[in-house]
Amino acid sequence: QRLGFDLVGIAPAVSPTTLASFRDWVECGYDGEMHYIQRRAAAYEHPRHVLPPVRSVIMVASNYFSGDDTHQQSSGFRISRYAQGTGDYHSAIKARLQQLAAFLHLKQPGCRTRPVVDTAPLLERDFARLAGLGWFGKNTMLINKQRGSWLFLGALLTDLELTPDRPHETAHCGTCTRCLDACPTQAFVGPHVLDARRCISYLTIELRDDPIPEALRPGVGDWIFGCDVCQEVCPWNRKATHTTVPEFLPQPNQPRDVAELLGLTDEQFELHLASTPMERAGRRGLVRNAAIAAGNSGDKSLIEPLQKLVDDPEELVRDAARWAVMQLAQGRKSTQS
C-alpha cells in the first residue's frame, strides 16, 4: 500500500482455471486481429512460461478512476479513463512492482522475480481471482466489492514459496445484466464472453490496420480511444473513489474538441500524446476515430475540417472522413453521441 497499490494478494503458480474457456474464445476468433494472442497461446498454460522457476504470483491492483467525464462529453469526444493519465500505466505500475521486487531480494537474497503488466502471456485476471482480489463480472472485468472494477492489474512472479491467500470463490452480479444491455455495439455474446471484434475498445485501439466496419461505426458514438460504458453502468462502481496516483490523473494538454483532433499532425501527436496510452493508436488511428465521432455528432460545422482529411496521406483517415462527411450531409446522428 505504501507503494501505491490498493489491493494485494498471493496466488499459487498453477495453470489458470479458465484455460479451457480461453482456448474456446481464441478458437471462435473473438480475439480479432490480436494475432499475438494465438502466437503465444501455449505460453498462457502456466506462469512458468514467463518465469521458469515460479512458485508464487503476487497480484496487485491500482485504482485509476478519475471521476466523471462531463468535460469530455461537452467536447464532443470521450477517452477511456484508463488512458487519460499523464503517463503510461504500464510504466507506472512496473516501476512500483520493481520496488516490491527489490524488497523481496533484500529479504531473500538470490530469489528470482519478474514483474508483469499486460505484456507477458499471463492471464492476470485469473490469478487476481485466485489471490482473492475479486470475481469475474458478466462484462469479463475483475470486480472487487470495495473497489469496483476501475482497476489496473499487475503481477510479480517469484520463485519464493509464499503462503497463498484464499481465492474469491463467489460472484456477486446476481441477475443484473446492465453491462450486457448497455454495450452500444452488442459486443457480448453472453455473460462473461466478449467478442472483441465488436468491442469499442478493440475497434478504436487494437484495429490499427483496417477500417472500423461501417455497421459498427454508429455504435462507436463519440468514443475516440477505448470505452467505459460497461463499467459506468455497473452498480459495484457507484461508490468508486478517486485515484490518488499522479500518473493516472487526467492530463491537462488533451485536445479540446473534435475539430482540434481532426487537425492533429504527426508532430503534435508526438509532442503531446506519444508518452501516453494513446500512443498505441498512432496519429492515423486517433484521427480516424475522431472522424467517426464527428460523423456521429450531427454537427455540420465539422464538415469543413473533415473535407480536409479526404486527401490525407493515410487511407484509414480518408475512408473515415468520407464516411463522416456523408453522415453529416445526410443529417444523420448516432444515438450514442
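The values are calculated or read from the model by the stated rules, or taken from the named source; none is laboratory data. This is a predicted model, so every value here is computed, not measured. As a convention, Cβ positions derive from the backbone with ideal geometry for all residues, glycine included, and neighbour counts pool all protein chains shown. Surface accessibility is based on the protein's heavy atoms, side chains included, excluding ligands, DNA and RNA. Shrake-Rupley method; radii C 1.70, N 1.55, O 1.52, S 1.80 Å.
One table, with the values for the structure above:
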| read-out | value |
| --- | --- |
| Selection count where residues are open to solvent by 20 Å² or more (accessible area, probe 1.4 Å), touching a strand residue (DSSP E or B) at 6+ places or on another chain (Cβ under 6 Å) and either part of a loop (DSSP other than H, G, I, E, B) or free of Cβ contacts under 8 Å to residues at least 12 places away in the same chain (or both), scope the stretch 233-245 | 1 |
| Candidate set: the stretch 5-21, residues that are open to solvent by 60 Å² or more (accessible area, probe 1.4 Å) and assigned to a helix (DSSP H, G or I); chosen: the one farthest from Y89 (Cα to Cα) | A20 |
| Residue check for A240: touching a Phe, Trp or Tyr at 6+ places or on another chain (Cβ under 7 Å) and either modelled with pLDDT under 95 or hydrophobic (A, V, I, L, M, F, W, C) (or both) | yes |
| All positions within the stretch 116-135 that are open to solvent by 20 Å² or more (accessible area, probe 1.4 Å) and β-branched (V, I, T) | T119 |
| Selection from the stretch 22-44 of residues that are within 16 Å of V116 (Cα to Cα) and either more than 21 Å from the chain's Cα centre (by Cα) or open to solvent by 70 Å² or more (accessible area, probe 1.4 Å) (or both) | A43 |
| Test: residue in the stretch 288-296 that is out of contact with any Gly (no Cβ under 7 Å at 6 or more places or on another chain), without any contact (Cβ under 8 Å) to a residue 40 or more places away in the chain and surrounded by fewer than 19 Cβ atoms within 10 Å (Cβ to Cβ) | no |
| Residue list for the stretch 261-287, restricted to those being small (G, A, S), in contact (Cβ under 8 Å) with a residue 40 or more places away in the chain and not in a helix (DSSP H, G or I) | G263, S275 |
| Candidate set from the stretch 324-337 (those that are surrounded by 19 or more Cβ atoms within 10 Å (Cβ to Cβ) and closer than 19 Å to P211 by Cβ); member that is nearest to the chain's Cα centre (by Cα) | S334 |
| Subset of the stretch 95-123 [in contact with a Gly (Cβ under 9 Å, 6 or more places away or on another chain), part of a loop (DSSP other than H, G, I, E, B) and on the phi < 0 side of the Ramachandran plot] | V117 |
| Every pair of residues 6+ apart whose Cβ atoms lie under 6 Å, when the first sits in the stretch 43-66 and is touching a residue at least 40 places away in the same chain (Cβ under 8 Å) while the second is crowded, with 22+ Cβ neighbours inside 10 Å and among the aromatic types (F, W, Y) | V57/F127; M59/F127; S62/F152; N63/W150; Y64/W150; Y64/F152; Y64/F248; F65/W150 |
| In the stretch 255-287, residue nearest to S149 (Cα to Cα) [restricted to those that are crowded, with 20+ Cβ neighbours inside 10 Å, under 18 Å from the mean Cα position of the chain (by Cα) and not aliphatic (A, V, I, L, M)] | P277 |
| Of the criteria (1) more than 23 Å from R114 (Cα to Cα); (2) touching a residue at least 24 places away in the same chain (Cβ under 8 Å); (3) among the β-branched types (V, I, T), which one T175 fails | (2) |
| Candidate set from the stretch 46-90 (those that are open to solvent by 60 Å² or more (accessible area, probe 1.4 Å) and β-branched (V, I, T)); member that is modelled with the lowest pLDDT | T70 |
| The stretch 305-337 - residue that is within 21 Å of T185 (Cα to Cα) and in a loop (DSSP other than H, G, I, E, B) and, of those, modelled with the lowest pLDDT | S337 |
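For every residue, the table says whether it meets (1) touching an Asp or Glu at 6+ places or on another chain (Cβ under 7 Å); (2) closer than 30 Å to Y30 by Cβ; (3) not acidic (D, E).
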{"residue": "R78", "(1), (2), (3)": "yes, yes, yes"}
{"residue": "Q99", "(1), (2), (3)": "no, no, yes"}
{"residue": "V117", "(1), (2), (3)": "no, yes, yes"}
{"residue": "P121", "(1), (2), (3)": "no, yes, yes"}
{"residue": "G134", "(1), (2), (3)": "no, yes, yes"}
{"residue": "L153", "(1), (2), (3)": "yes, yes, yes"}
{"residue": "L162", "(1), (2), (3)": "no, no, yes"}
